[in-house]
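S.K.: Attaching a single structure in structure tokens format; questions to follow.
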Amino acid sequence: MADPLSHEVFWTDGEAASVRSDERDTPLRPDPTSRLVDLNLDPPFPNKDWFLAADLLTDEGFTSVFHPRVLSTTLALAWVAVGRRAAYITDGRLRDNVHFSSGIALCQAAGCVVTNLAGQPVHTGVQGLIAAADATTHAKLLDLLSHRRQPRTP
């Protein structure tokens, strides 16, 4: 995956993950320190009866811990893998999605915690994605989302 602005190329062989810059490879090191979490606000919203990423922008439990950013690109996954973001959250069906498969592979190879919105293995059960730099960040996000699992009333 390439970042056209920084001219970096993020890559994985399925086991290790690195970023290539100025013809030098550096291993990816996820890091939650920034507390920045990118949210994808683009449709579709298959879990809209209990999850809308836009709601997290005003959720006090979320904003008291994390600093939301809005981004709808797989590049956000590379930023989690390299340690520039604490997490990325999106809804939608991502299996066989060419826009997300490389970013998911990067995060997994870098050691990020990658699950669906219910904390299950990605591409199973509930769709969507949480990619977090570490288990603590993932657990906090999953806890925030679990409070929303009750269907919305019209």
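No lab work stands behind these numbers, since they all come straight from the coordinates. All values reported here derive from a predicted model rather than from experimental measurement. Quick reminder, even Gly has a Cβ in these numbers, built from the backbone with ideal geometry, and neighbours come from all protein chains shown.
S.K.: Within the P(r) computed for the chain, what percentage of the Cα pairs occupies the region above 24 Å?
M.R.: Numbers: 3144 of 11781 pairs.
When every Cα pair of the chain is considered, 27 percent fall beyond 24 Å.
S.K.: When F45, F62 are ordered from fewest to most other Cβ atoms inside 10 Å of their Cβ, what list results? Mind dumping the intermediate values first?
M.R.: Details: F45 15, F62 20.
Ranking F45, F62 by Cβ neighbours within 10 Å, fewest first, gives F45, F62.
S.K.: While we're looking at this one, here's another question. Quick one: R85, R24, R69, fewest Cβ neighbours within 10 Å first, how do they rank?
M.R.: Working: R85 27, R24 8, R69 15.
Fewest-to-most Cβ neighbours within 10 Å comes out as R24, R69, R85.
S.K.: Choose one of H123, G111, G61: the residue whose Cα lies farthest towards the positive end of the charge dipole of the range 30-146 (beta-carbon charges +1 Lys, Arg; -1 Asp, Glu; about the Cα centre).
M.R.: My answer, from the dipole projection, is G111.
S.K.: Suppose every Lys and Arg Cβ carries +1 and every Asp and Glu Cβ carries -1, with no other charges. What dipole size does the chain come out with about its Cα centre, to the nearest 20 debye? Walk me through the numbers before you get to the answer.
M.R.: Values: 14 positive and 18 negative charges, 79 e Å.
Dipole about the Cα centre, nearest 20: 380 debye.
S.K.: In addition: Calculate the length of the line joining the C-alpha centroid of the range 1-62 to that of the range 78-147, in whole Å.
M.R.: Using only Cα atoms, the two centres lie 8 Å from each other.
S.K.: Run through the DSSP bridge list for the range 25-140 and note the antiparallel percent, rounded to the nearest 5. Each step should come with its number before you reach the end.
M.R.: Values: 8 of 15 bridges.
If I count the DSSP bridges inside the range 25-140, around 55 percent turn out antiparallel.
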